[in-house]
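The structure appears below as structure tokens.
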Amino acid sequence: MRSPIVAFLLISAFLITACTPSANLAAPEAAFRTSNVTLLQITEDRVGGITAETAYAPKAIEASLPGFTTEGIQTAVENNTEWALAAFNTDGFQVLQVFKGQNGKVRTVHGVTHHLQGPNAERIGMTFAEIGTARADCRIGRNLWRGMAICESTGHPNVELVFAIPGYTGPFDVLPPAQELFDAQLQRILWTPKT
């Protein structure tokens, strides 16, 4: 008598699992590297509420990003390390790195989490091929970003995409072959206010 009940329970569990969204085994690979949660949108004119007029100051940045907090950090840019203000969401995840300009305003903002979206729906974790960036819009990174590809976001010259190229061993003065570049993963989205 127990065998039919056990069989029924096992079949029921399998059917219920197969019908749940989390059991979708055919989901695209990108879904495992990116997020469908968007904390901030990067456009040509702004990053969330940060614009060209935002002062480089913790209170001004926090006012531009309601619910976020800031903290000073030291981080790598292409040619050196710099102090910046990191912006954290309410869960304590670092979302942005904000850099100071000479005029006391924001010079540039680096998006550093997969919970934000670029102007063409780019998300950190996506590959070069998934984004569809043109190789002609890219250059090879230098110094601290050696071996990375730095590309313009299509149609947005003040937004750059920084790709890591897994396993790339050079040469480091040219972009890698197409197949290696297509597999490169987006690591940062850089926004610079338009002048």
Check: What number of residues in segment 139-148 are touching a strand residue (DSSP E or B) at 6+ places or on another chain (Cβ under 6 Å) and open to solvent by less than 20 Å² (accessible area, probe 1.4 Å)?
Finding: 1
Note to self: If a residue must be acidic (Asp, Glu) and outside any loop (DSSP other than H, G, I, E, B), how many such residues does segment 82-96 contain?
What the structure shows: 1
Check: Of all residues in segment 51-70, which are outside any loop (DSSP other than H, G, I, E, B) and not small (Gly, Ala, Ser)?
Finding: Pro58, Lys59, Ile61, Glu62, Thr69, Thr70
Check: How many residues are within 23 Å of Leu39 (Cβ to Cβ) and in contact with a Lys or Arg (Cβ under 7 Å, 6 or more places away or on another chain) when one looks only at segment 72-113?
Finding: 6
Note to self: If I go through segment 123-146 residue by residue, how many of them are in contact with a helix residue (DSSP H, G or I) (Cβ under 9 Å, 6 or more places away or on another chain) and either closer than 21 Å to Val95 by Cβ or assigned to a helix (DSSP H, G or I) (or both)?
What the structure shows: 8
Checklist line | From the options Asn36, Asn103, residue that is modelled with pLDDT under 95 and more than 20 Å from Lys194 (Cβ to Cβ) | finding: Asn36
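Please pick out the residue among Ala129, Ala63, Ala134 that is of a type in the set (A, V, I, L, M, F, W, C) and open to solvent by less than 50 Å² (accessible area, probe 1.4 Å).
On inspection, the qualifying residue turns out to be Ala134.
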Notebook entry, point to check: Here are some residues: Asn120, Asn79. Which one is within 30 Å of Asp173 (Cα to Cα), open to solvent by 20 Å² or more (accessible area, probe 1.4 Å), in a loop (DSSP other than H, G, I, E, B) and in contact with a His (Cβ under 9 Å, 6 or more places away or on another chain)?
Noted result: Asn120
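Yes or no, residue by residue, for (1) touching a residue at least 60 places away in the same chain (Cβ under 8 Å); (2) of a type in the set (Phe, Trp, Tyr); (3) open to solvent by 70 Å² or more (accessible area, probe 1.4 Å):
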residue	(1), (2), (3)
Ile150	yes, no, no
Thr154	no, no, yes
Pro157	no, no, yes
Glu160	no, no, no
Ala164	no, no, no
Ala178	no, no, no
Leu181	no, no, no
Leu190	yes, no, no
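The values are calculated or read from the model by the stated rules, or taken from the named source; none is laboratory data. This is a predicted model, so every value here is computed, not measured. Counting neighbours? That spans all protein chains shown, and the Cβs are built from the backbone with ideal geometry, glycine included. Ligands, DNA and RNA are stripped out before the accessible areas are found, and what is left, the full protein with its side chains, is counted by its heavy atoms. Shrake-Rupley method; radii C 1.70, N 1.55, O 1.52, S 1.80 Å.
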